[in-house]
1. Does region 52-91 hold any residues that are within 15 Å of L9 (Cβ to Cβ) and in a loop (DSSP other than H, G, I, E, B), and which are they?
2. Which residue is modelled with the highest pLDDT, if the candidates are limited to region 248-268 and must be surrounded by 18 or more Cβ atoms within 10 Å (Cβ to Cβ) and under 18 Å from I200 (Cβ atoms)?
3. Criterion first (assigned by TED's automatic domain parsing to the domain that holds V199 and buried (at least 17 other Cβ atoms within 10 Å of the Cβ)) does V238 satisfy it?
4. Restricting attention to region 201-244, which residues are within 21 Å of V275 (Cα to Cα), part of a loop (DSSP other than H, G, I, E, B) and among the hydroxyl-bearing types (S, T, Y)?
5. R15: at pLDDT below 95 and either out of contact with any Pro (no Cβ under 6 Å at 6 or more places or on another chain) or not in a helix (DSSP H, G or I) (or both), yes or no?
6. Suppose we filter region 244-293 for residues that are basic (K, R) and within 16 Å of E146 (Cα to Cα); how many remain?
7. If I ask for residues that are of a type outside the set (V, I, T), over 19 Å from I210 (Cβ atoms) and under 29 Å from the mean Cα position of the chain (by Cα), which ones from region 229-254 would you list?
Amino acid sequence: MAIPDFQTLMLPLLRISSEAEVSLSEATERLSTEFHLTDEERNALLPSKRQTIIKNRVGWAKTYLVKAGLLQATKRAHFTITDVGKSILDKNVSCINIKFLQQYPEFRKFHQGNDDNCDFDSIHNNLDENLTPEEIIHNSLDQIEETLGDEILNKILSQSPEFFENLVVKLLVAMGYGGSFEEAGRALGKSGDGGVDGVIDQDILGLDRIYVQAKRYTEGNNVGSSAIRDFFGSLDRVKASKGLFVTTSEFTHDAKETAQYLSKRLVLINGRQLVKLMIRYGVGCRIEETLYIKKLDEEFFE
């Protein structure tokens, strides 16, 4: 069973709260058991890696029910059912969701904001109501980064092969390879050792090195197994034990299989992986805006 969305959790959460005061952690555990979640589903994290998906969804189910007056917060991270909530359970409703909660004026005010002219239906026709606000933000961020990735890839393809070789070396240094000393990485260019485009010195004396092959190929022009074997031969000539092969396109199945079974450690990075790393480490892009998501500091009020 997949992790239930936060609206699906509303009615079960209200039922749990009718038995006694309950904490968010306890409610999350009980609902995880009720919905037969696996360990993997219980431990699955939001993209921020700071909270589990199930606890986030239970938390938002609680927030919506509190705003509608069906639950009330008590002590730190605890809550219980209200008389309004009890009356809802007495009616044996089959489902509680956002549409159901719209009957309560305080919830409408919370959900639509302070704009009295806000059209609820027009807003939610364009959003997945089953997602929590954090999930909507992260999904939007994923879409923004995917578009940015396309732009970066197109820019790379418009540059020279030498530019791409330097870019790969800069990215590896930005990722921390080569430590903090200057000139840890360098592109070798046309004067490089047959088939090797760049090198990263892992230590200041250059005793441990990572050799790089960079191929600026258009989409559909995939790297085959012969290119992998050629790079392997180049590593042999320089007595290297590990190498990195980066392309703007993709690797064929045979190329991946060849790299897996060769005696040296070869890591393959395709175009999509490349732009994700560039975005993550700020290479070829910059921060335009920073948003902060804040939460209540319970300790402050104790």
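1. The one that is within 15 Å of L9 (Cβ to Cβ) and in a loop (DSSP other than H, G, I, E, B): L70.
2. L268
3. Details: assigned by TED's automatic domain parsing to the domain that holds V199: yes; buried (at least 17 other Cβ atoms within 10 Å of the Cβ): no.
So V238 does not fit the description; no.
4. Y217, T218
5. On the way: at pLDDT below 95: no; either out of contact with any Pro (no Cβ under 6 Å at 6 or more places or on another chain) or not in a helix (DSSP H, G or I) (or both): yes.
Here the answer is no, as R15 does not meet what is asked.
6. Narrowing region 244-293 to residues basic (K, R): 256, 264-265, 272, 276, 280, 286.
Then keep just the ones that are within 16 Å of E146 (Cα to Cα); that gives 272, 276, 280, 286.
Total meeting the criteria: 4.
7. Result: S249, E250, H253.
The values are calculated or read from the model by the stated rules, or taken from the named source; none is laboratory data. Treat the numbers as computed from the prediction; the structure is a model and nothing was measured. Here Cβ is always computed from backbone atoms with ideal geometry, including for glycine, and neighbour counts include all displayed protein chains.
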